[in-house]
Amino acid sequence: MITEQTIITIAKTFNTLTKYDHHKAFLFLGRSVFLVIIFTLLLAGCGSVTNSPIPQIQIQKSNTPPEKRVISNGLLPQQNCGGNSTVTNEIERSHTIQFTLDISGGITVNGGGEAEIPGIGKVSVGTEVAGAYGVSYGNSTSLSRKLSVSAREGTNLTHNIQEVEYWQTGIINILIDGKLNSSYPYQFRTDFGVELMDTQSIPCSTATTEPSVIMPTSEPTQTNATTIAAEATALAVAQTARLVYGPSSGTLSNSTDATTFSNTDTKVIDFVAETTFKNPNTAIQDTWSYGIMFRRWQNQDKEFGYYYYYITSQGDWYITGYHPDNGKTYITGKNDNIDLSVGGSNKLKIVAEGKTAMIFINDKYIDTADISKNTDPGNITVGTGFKSGSTVTKTTDYQIVIRSLDN
């Protein structure tokens, strides 16, 4: 700071200078004042620059049970009509989960766990949430889970099984300078499980160990005229149908104690479905079965209905089903058009319309089945292990396309 005494001293010094010295002093003083002004402005400018505060993240875990997200469901029949003791079966399912995060409020989290927070910018919320659960964000892990089901002697049960992912929930609190700036609810995927949803009891009188067979309506040796007429009808119907799913492909696991499904999430009544399955690459003596489930539904009272159309490694085809009001459907037959070779494939086609279903194997008409007991809309799924006693554990590849005949 320039004091009065300093000014007096400068004035006295200035008076002792010559004229030439006065000129140099003025120049020196002018330059000095200019530098002082520039330096003052620089200091003022620097004083106005402030560093952006670094956001702090607090993870507030919820005490409520984790959120469940269904990834698949299926039916597990367990028949013990002729038994004299309780039968218990154990099923095992595997699934790979990735530790990822969902945030409410329309905020997207990228693969690195960063989210664009309004008014703040990118914040590494994923790393913080994953750390709270002892894992690394974005990593994956394969999990296996088991479930046991039992049937008392003299009972015939169908268990509704579903596979779920568990998502932990909570709140992400973002603080600036120690003060709460914003909060966002989150869901974080951490686990996988197999759950028994419900069990339906079917009277043994309508589902014995060896069900009474309803023979196909047509004779085993069909005339060419019948085949040609059926194929022409199916072609005409297919041309009026609209594509609602596929073409899509996938892989199904095989189990020796349960049916494995892959849901298409396609709900229809009348439809045309074409599915090509590749036989499991396994020993020729092993047994397998695959096909589709259709008109599968469940109401609020947990009653359900369904139909299966499938073939087996013994060269048999089946149309089976159940409706809580109308009982079971069981239609079967043999066909030498089924490819039973290891690594071979079979194309199954079904035209379901109203109370009947025309079925084809490898583009050859097989029969027209009565499906009048269940005419309710339901989902279509592909599956393996429909026939009990399967010995295959290899996978089965498939392709499917579905066309709807519903208005």
Among (1) exposed (fewer than 15 other Cβ atoms within 10 Å of the Cβ); (2) touching a Lys or Arg at 6+ places or on another chain (Cβ under 6 Å), where does E163 come up short?
(1)
Looking only at the stretch 303-330, how many residues end up being touching a strand residue (DSSP E or B) at 6+ places or on another chain (Cβ under 9 Å) and over 19 Å from N362 (Cα atoms)?
15
For the stretch 96-136, which residues satisfy the criterion of being under 30 Å from S148 (Cα atoms) and either aromatic (F, W, Y) or not in a loop (DSSP other than H, G, I, E, B) (or both)?
T96, I97, Q98, F99, Y133
For the stretch 166-174, check the following and say yes or no: at least one residue is in contact with a strand residue (DSSP E or B) (Cβ under 9 Å, 6 or more places away or on another chain) and under 30 Å from P324 (Cα atoms).
no
Filtering the stretch 115-137 for residues that are of a type outside the set (G, A, S) and either crowded, with 17+ Cβ neighbours inside 10 Å or closer than 27 Å to D191 by Cβ (or both) leaves a count of 9
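Give the residue, chosen from G74, G83, that is modelled with pLDDT of 80 or more and either among the small types (G, A, S) or within 27 Å of the chain's Cα centre (by Cα) (or both).
Values: G74 fails: modelled with pLDDT of 80 or more.
Of the residues listed, the single one that is modelled with pLDDT of 80 or more and either among the small types (G, A, S) or within 27 Å of the chain's Cα centre (by Cα) (or both) is G83.
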Could you list all residues from the stretch 233-252 that are among the small types (G, A, S), in contact with a strand residue (DSSP E or B) (Cβ under 8 Å, 6 or more places away or on another chain) and in a helix (DSSP H, G or I)?
A234, A238
Just one listed residue, out of N173, N181, is over 17 Å from R69 (Cβ atoms) and either touching a Ser or Thr at 6+ places or on another chain (Cβ under 7 Å) or free of Cβ contacts under 8 Å to residues at least 40 places away in the same chain (or both), and it is N173
Could you tell me whether any residue of the stretch 178-194 is in the same structural domain as G121 (by TED's automatic domain parsing), surrounded by fewer than 15 Cβ atoms within 10 Å (Cβ to Cβ) and either under 15 Å from the mean Cα position of the chain (by Cα) or among the acidic types (D, E) (or both)?
no
For residues that are free of Cβ contacts under 8 Å to residues at least 24 places away in the same chain and not polar (S, T, N, Q), tally how many sit in the stretch 93-125.
7
Quick check on the stretch 133-141. Is at least one of its residues without any contact (Cβ under 8 Å) to a residue 40 or more places away in the chain and polar (S, T, N, Q)?
yes
So if I check each of R93, R69, R31, which one is modelled with pLDDT under 90, charged (D, E, K, R) and outside any strand (DSSP E or B)?
R31
Which strands (runs of 3 or more DSSP E) does the stretch 291-382 wholly contain that include 3 or more residues that are crowded, with 21+ Cβ neighbours inside 10 Å and without any contact (Cβ under 8 Å) to a residue 60 or more places away in the chain?
316-323
Restricting attention to the stretch 246-277, and to residues there that are more than 23 Å from the chain's Cα centre (by Cα) and at pLDDT below 90, which single residue is nearest to S150 (Cα to Cα)?
D257
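The values are calculated or read from the model by the stated rules, or taken from the named source; none is laboratory data. Keep in mind that what you see is a predicted model, and the values were worked out from it rather than measured. Here Cβ is always computed from backbone atoms with ideal geometry, including for glycine, and neighbour counts include all displayed protein chains.
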